[in-house]
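Structure record follows, encoded as C-alpha cells.
The values are calculated or read from the model by the stated rules, or taken from the named source; none is laboratory data. What you see is a predicted model, and the numbers here were worked out from it, not measured in a lab. Neighbour counts run over all protein chains shown; Cβ positions are idealised from the backbone, glycine included. Calculation scope for accessible area: heavy atoms of the full protein, side chains included, ligands and nucleic acids excluded. Shrake-Rupley method; radii C 1.70, N 1.55, O 1.52, S 1.80 Å.
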Amino acid sequence: MPIIKCAVADNDPVVGEKIREFIAIVGYLYFSGYAPNPEIALELMSTNSIDVLFVSDEFPGLSALAVIRNAAGRPPAIVLLQTSTSKSNNTLKPLDTLMKPIQLSQFENSAEKALKQFNIMTNAASGKKDFFLIKINGRLQKINLSELVYISGMQNYVKVHLQNGRSHTVHSTLKNFYRQLDSQRFIMVHKSYIVNTDFIDSVSANQIKLSGMGEVPVGRIYKSNIHSLLFNRS
C-alpha cells in the first residue's frame, strides 16, 4: 500500500486542521505540513516530497497555480478548496475540487482519485517493491511482503495479517490494497480476502488452508482464478 504525502495550503487554520483530521483517518494518506501563507507553502514543497497539495483558490499573495509552478522538483497533484463565492480558475486543472465546508465523504472521494493517479505514476516509474508502508497511529510501519500471509476486508477497513501472528488494521478498502500487489503472488479468493500464495497449504471447495494461520473462505466466483493461478505457476 503506498503512502501519499499531503500538505495543506490555506490561510484559514480551521480548514487546515479539518483536513489534517481527515488525512489521519485515511490509511494511505500522510500529513506532511500546513502552510498559512505562500512562503511556507513553497518551503514545504522544496524540503519535502509532497504528492498532493490541498490548496485554497483564495490563497493570499500567490495563486494556486503560482505555488505549483514555483515548487521544486516534481509538482504535486492539486485538490482545490473552493467556497460558494469563489471564481472558477480556468488556468488550473486540479485533480479534484472540494467545496467548503468540506465533508469526510467528499474528502475520501478525492483521496481515492489521488491514490489512482499515484498508482499510475508509480507503476510507470518502477517495478514492484518487496515491501509497502501502512500508517499506524500516525507512524509509518514497513510491511515486508514475505511476511504478509493474508489481508481481510471489513467495509472501509482492512486487516493485514503477518506470519508472526501480528495484525494491523488500516482505514482503506481491500480493492485499494489489491491494486498494489503482484497478481502472480497475491490473489483475491473472496470478496473479503486476499492471500499470499506462498502460504497456501491446500485448497478445498470452500476453504484455503494457510501455513500456520488457519483457514479463509473461498468465494464461488473466485474458484476458477485460484486454480488457474496455482496450477500454472512456474
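Odds and ends about this structure:
- Largest first, the residues 154, 188 sort by 1.4 Å accessible area into 154, 188.
- Based on alpha-carbon atoms, the Kirkwood radius and the radius of gyration of region 153-222 give Rg/Rh equal to 0.93.
- Sequence of 85, 173, 97, 197 when ordered by accessible area, the most exposed leading, probe 1.4 angstrom: 85, 97, 173, 197
- Loop-located trypsin sites (Lys or Arg not before Pro) across region 141-234 with a Cβ neighbour count of 12 or fewer within 10 Å are 166, 191, 233, with loop assigned by DSSP.
- Accessible surface of region 134-234, 1.4 Å probe, proportion on carbon and sulfur as whole %: 43 percent
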